[in-house]
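I have placed the structure first, in the form of structure tokens, so that the comments after it can refer back to it.
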Amino acid sequence: MDDRNPRPIQDLRAEIDALELPAKGLALKVASAHPKRSLLAFQAEWHIRAILYHLRHVFDHYSVFVHEVSKRAGTGASVLVMFAPSFQELLFEFYALVNICRISVDNLRLYLGPHFAPGSDQLPKSIRDVLAGKTNCPVYNSLVGQPLLDYLLDIRNCLVHYRSLATSDNAIVVEEGIDTSREFPAHDSFFLAMARAQFRRDGENGISVNVYVPDEIFETDAKGNKRLSVFTYSQRWSLVSTARNFAELGVRSLTLVLECLRSVPDSSFEYSAKRRR
């Protein structure tokens, strides 16, 4: 996760189109070459479309939110408490994107099923458990050791079991460098969202608006137990760029799946549940 600030929104839209291009038409090619694999191919393609659908809407709502914040920050205020349905809608779409990306990487085992030799160990349902084993499958090996995947799995686990992205329809947007810990205590999680909105003044360039996600979701204590972190935002992980990166991870993995379905013979891959060293 090295993309801390969102690029201009027009650049991000162009990147979505570029992400989609390599997968276009692949499902039809799979169906033509291997009719028995056609259902798997079209399901994988559906997930690609779903990921990009939610990513486009993340950008749409972010654009509206930026416009609304910029108008209000132009008055000179350093702390904005503003009615902002666009902020809620941005978080709706991010929540959906996180879930569809997690489902997609977990479901790689279903799409890749025909490629694993009968003598291989059964693939676990969780992508994290799969990657703990050993395989010669290029799709899985492309995901090994990716901090972005770990963050995706952690934030989805957090949203399901620990914390919510839910917030009121009044967004708090603070100018960068302003301390509001007394006015807005961190424990007031419904009013102060898990995703934090800030802005800065860029002189001639006007107002720059960012929405940040936590630096880390879980931490490990001295005894090796994993627990929810106290959320901090000093690393400035942009929600919009994180959404784009999650989408890229999911789409590229599914595109590799489609390539395998098109050109790799049955039983080409092996899997062992033994831990990687």
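So what's the back-of-envelope 222 nm ellipticity for the chain, counting only DSSP H runs of four-plus at -39500 (n - 2.57) apiece and dividing by all residues, rounded to 500?
The helix contribution divided over the chain gives -15500 deg cm²/dmol.
Which residue, Tyr53, Tyr62, Tyr212, has the most motion in a Gaussian network model of the chain that connects Cα atoms within less than 10 Å?
Looking only at Tyr53, Tyr62, Tyr212, the biggest GNM fluctuation is shown by Tyr53.
Size of the stretch 45-142 along its principal axes in angstrom, Cα-based, largest extent first?
For the stretch 45-142, the Cα extents along the three principal axes come out at 68, 25, 18 Å.
Can you give the Kirkwood hydrodynamic radius of the stretch 88-168 from its Cα pairs, in Å with one decimal?
14.1
Provide the net charge surrounding Thr232, with neighbours chosen by a C-beta distance below 13 Å and charges set as Lys +1, Arg +1, Asp -1, Glu -1.
-1
On a 0 to 90 degree scale, rounded to 10, what angle separates helix 147-161 from the longest Cα axis of the chain?
The two axes meet at around 70 degrees.
Tell me the label-point distance for the pair Ala18, Gln235, using the 7 Å Cα-to-Cβ offset, in nm and rounded to one decimal.
The two pseudo-label positions are separated by 2.4 nm.
How many nm is it between the label spots at Tyr162 and His67, if each spot is 7 Å from the Cα in line with the beta carbon?
3.7
Can you divide the C-alpha Rg of the chain by 2.2 N^0.38 Å and report the result to two decimal places?
So the chain has a normalised radius of gyration of 1.12.
Within the stretch 70-86, list the residues whose amide N lies under 18 Å from a label point set 7 Å along Cα→Cβ of Glu176.
Within reach of a label on Glu176, which here means backbone N under 18 Å from a point 7 Å along Cα→Cβ, the stretch 70-86 contributes 70-71, 73-74, 76-80.
Quickly work out the Asp150-to-Thr75 label distance, labels modelled 7 Å from Cα along the C-beta direction, and quote it in nm with one decimal.
For Thr75 paired with Asp150, the spin-label model returns 4.4 nm.
Roughly how many whole Å is it from the C-alpha centroid of the stretch 53-92 to that of the stretch 149-178?
15
Laboratory data are not the source of any read-out in this text; all were calculated from the coordinates shown. Treat the numbers as computed from the prediction; the structure is a model and nothing was measured. Positions of Cβ are backbone-derived with ideal geometry, glycine not excepted, and every protein chain shown enters the neighbour counts.
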